[in-house]
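Beneath this line is the structure, given in structure tokens, with notes to follow.
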2 protein chains.
Amino acid sequence: MDSRARPRSVTMEDVAREAGVSRALVSLVMRESPLVSPARRALVLETAERLGYTPNRLASRLASNRTHTIGVFLLGLHNPVFADIYAGIAEGIEGSGEHLMVAVGAAEQDAGTDVDPAREAEAITSFVDLRVDGILLAGYTGSPESLTALLRGTPAVVITRELTAPGVDSVLADDRLGGRLAVEFLNELGHDRIAHIASRATLPYGSRRAGYVEAMTRLGLEPLVVEESMTERGGHRAMGEILRTASTRPTAVFANNDLAALGALGALASAGLSVPRDVSVLGYDDTAFAASDVVQLSSVDQHGRDLGRGAAEQLLRRIAGEDGAPVVRRLAPRIVPRQSVAPPRSWA
Amino acid sequence: MDSRARPRSVTMEDVAREAGVSRALVSLVMRESPLVSPARRALVLETAERLGYTPNRLASRLASNRTHTIGVFLLGLHNPVFADIYAGIAEGIEGSGEHLMVAVGAAEQDAGTDVDPAREAEAITSFVDLRVDGILLAGYTGSPESLTALLRGTPAVVITRELTAPGVDSVLADDRLGGRLAVEFLNELGHDRIAHIASRATLPYGSRRAGYVEAMTRLGLEPLVVEESMTERGGHRAMGEILRTASTRPTAVFANNDLAALGALGALASAGLSVPRDVSVLGYDDTAFAASDVVQLSSVDQHGRDLGRGAAEQLLRRIAGEDGAPVVRRLAPRIVPRQSVAPPRSWA
DNA sequence: ATGAAAGCGCTAACAG
DNA sequence: CTGTTAGCGCTTTCAT
């Protein structure tokens, strides 16, 4: 063993002995039981304070077999969408008596490209082995089978993705619909040549692209998809590639998320093109930065906060014992138009 | 007690019995001890798998009195600076065998205004009671005394702030210097009327403002400080107030962080002013969004990632047993000029 | 209202 | 190499 154990701390036993009462009584006081006489309670609290007693939550959780803790897995911290989802989760568990404990899948900004499956698995295993009441997953990239294996029965709710596995519910926006809406919205504005910056096909998040392709096809338009990592840099590269290779320049670009859209905006600026005059840009997620005055990026709002809240509420229900087949809740996304879109120039 | 305990899961005892070996042997196998014969090891692993055994980390941590876990407290997720710091922390503990567990202080975007001291305290108490090896704090707003009381001896490193308390180290950028550099940088460009959007004086993060005031005074310039919450909205309001009330419009604005600077950019645009032609804007933290092509915000880089890494390394040293007086490590910030600054118009 | 006693599931000497 | 024996610090019946 590498490092030495921490010095033994003051225990309930110590407090009990010093106060001249039983350990059980101290336990009751610590848990604010009403069954304790005010006198004893005061005595115990005072002694505990004097001795510098710190309850050992590991021990109490082990003994009581309950943790009152929900594990939250977030893919990364650089994408603001996770901040929104987290805010919703926090709101959702409010007043439930549950605590939140978060684990981050990928520390690097360029995550999404190189998600580390081992890290992801370790985070979930860790929650399970710590016996959390349930797990909330935002941005999980593994397969349903792996998840089932990792969870070993711990209730879980997957956010922003539909994942079919026993005991796992899903709360997400209708991404396929979002993709369709994006195309229809741009098309109604007059756009025919609409490109799409998609996330890598290896990731289980392809519905937005599917919706895009479906709507384009139905409108008799030719889909133009470029795959990239969903980061600003990725979006920049993708836009560059589109400008370089497209036989005719698209008049609008729909990106799979706001980060990539931001990158596209940058690439367009570098190329001397004006948004929305030359090219319209539409993002996805409606993050705080899209809404920023200086960015004014139009975006498809998936209601990240609502997803977080809904997932938390659903998990609480499962924890409370509600059973039944896996539930899939799908919210309708909506377009939030801002300055980055306009009718194509030839139209005006 | 409100909710029923989770169903009893498969234990080492079960595996031992089923495999016809002792519990201790199973324990050794689980901890990958080399002292176990390959045959037994295989037998045990196979039985464990078959029975669906899941180690109970609560029990092992309790028994071994070691958690190999570091608690990370982050003020909020909406400010990207915490993502950078976290990335540094993750880098810093790499290979140490420690795990990360994070708690978030404020879920709301407008945090910073109304930090919830109870939440903050609960997060730290929770880490302490879970017996983490050490705690890393980014954005802690409480007093040194409260922190000492909460930590009860758990080693901790505070990031982006100097906090004098026994057993607590600090890793931060020299914010006062940063404030001075900001003023000097703008002044060398020709600016005389430099306003500052500061964080609330109630928060223990006032050095940037102090540096600003110091440099302004030394240069014989008149400081103009507006206090606001460090969010985009706060920055917007502050800039509005400056435009509304200043007798002569400043030619440059230095904001206490990038979010507020972003808000200032928005307010300037709304007011029909051009950046940097009419007003130069300088932020702080050099977050990813300042660096974005579409924002191009000049900023003071506090090297958030380095702070995170340095703090993690320092904590690891403490955990390894290094003692001695509290250490304060202060990195020098540097200006990252981008398109949001230029010489004042009268100068060009 | 308080105490005694039996675990929770695991680790850690210590034998052998 | 493997088994025995004590705990880790707390909760939880069950008495009284």
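The values are calculated or read from the model by the stated rules, or taken from the named source; none is laboratory data. These figures come from a predicted structure and were not determined experimentally. Every residue, glycine among them, receives a Cβ derived from its backbone with ideal geometry; neighbour counts consider all protein chains shown.
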Revision key, fill the gap. Over the stretch A:62-72, the set of residues of a type in the set (A, V, I, L, M) and within 9 Å of DNA strand C (Cβ to nearest atom) is A:Leu62, A:Ala63
**Study point:** Which listed residue, of A:Asp129, A:Asp133, is surrounded by fewer than 21 Cβ atoms within 10 Å (Cβ to Cβ) and outside the structural domain of A:Leu259 (by TED's automatic domain parsing)
**Key:** A:Asp129
Check your understanding: What number of residues in the stretch A:293-324 are free of Cβ contacts under 8 Å to residues at least 24 places away in the same chain, within 11 Å of another protein chain (Cβ to nearest Cβ) and out of contact with any Leu (no Cβ under 6 Å at 6 or more places or on another chain)?
Key -> 3
Check your understanding: What helices (runs of 4 or more DSSP H) completely inside the stretch B:21-118 contain at least 2 residues that are within 11 Å of another protein chain (Cβ to nearest Cβ) and either of a type outside the set (A, V, I, L, M) or in contact with a Ser or Thr (Cβ under 6 Å, 6 or more places away or on another chain) (or both)?
Key -> B:57-64, B:81-93
Revision key, fill the gap. Of B:Ala107, B:Ala59, B:Ala19, the only residue that is within 15 Å of DNA strand C (Cβ to nearest atom) and in contact (Cβ under 8 Å) with a residue 12 or more places away in the chain is B:Ala19
Point to revise | Matching strands (runs of 3 or more DSSP E) fully within the stretch A:296-348 where at least 2 residues are surrounded by 20 or more Cβ atoms within 10 Å (Cβ to Cβ) | key: A:298-301
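Suppose we keep only residues that are of a type in the set (Asp, Glu) and within 42 Å of the chain's Cα centre (by Cα) within the stretch A:4-57. Which one would you say is nearest to DNA strand D (Cβ to nearest atom)? Walk me through it before giving the result.
As a first pass, look at the stretch A:4-57 and keep what is of a type in the set (Asp, Glu): A:13-14, A:18, A:32, A:46, A:49.
Then drop every residue that is not within 42 Å of the chain's Cα centre (by Cα), which leaves A:32, A:49.
Working: A:Glu32: 11, A:Glu49: 14 Å.
By that ranking, first place goes to A:Glu32.
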Exercise for review: Go over the candidates A:Glu222, A:Glu184, A:Glu188 one by one and state the one that is at pLDDT 95 or above and more than 20 Å from A:Leu297 (Cα to Cα).
Suggested key: A:Glu222
Review point. Under 8 Å by Cβ, and 6 or more places apart or on different chains, what pairs join a residue from the stretch B:23-52 that is at positive phi with one that is among the basic types (Lys, Arg) and more than 10 Å from DNA strand C (Cβ to nearest atom)?
Key: B:Gly52/A:Arg152
Review point. Of all residues in the stretch B:119-131 being assigned to a helix (DSSP H, G or I) and farther than 19 Å from A:Ala123 by Cβ, which is nearest to the other protein chains (Cβ to nearest Cβ)?
Key: B:Asp129
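Do the conditions hold for A:Ser33, that is, is it near DNA strand C (Cβ under 10 Å from one of its atoms) and farther than 30 Å from A:Gly92 by Cβ? Outline the logic, then answer.
Values: near DNA strand C (Cβ under 10 Å from one of its atoms): yes; farther than 30 Å from A:Gly92 by Cβ: no.
No; evaluated as a whole, the condition is false for this residue.
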Revision key, fill the gap. Among B:Leu282, B:Leu273, B:Leu265, the single one that is away from every other protein chain (no Cβ under 11 Å), out of contact with any helix residue (DSSP H, G or I) (no Cβ under 7 Å at 6 or more places or on another chain) and modelled with pLDDT of 95 or more is B:Leu273
Exercise for review: Name every residue in the stretch A:227-241 that is within 19 Å of A:Ser299 (Cβ to Cβ) and in contact with a strand residue (DSSP E or B) (Cβ under 9 Å, 6 or more places away or on another chain), in order of residue number.
Suggested key: A:Glu228, A:Met230, A:Gly234, A:Gly235, A:Ala238, A:Met239
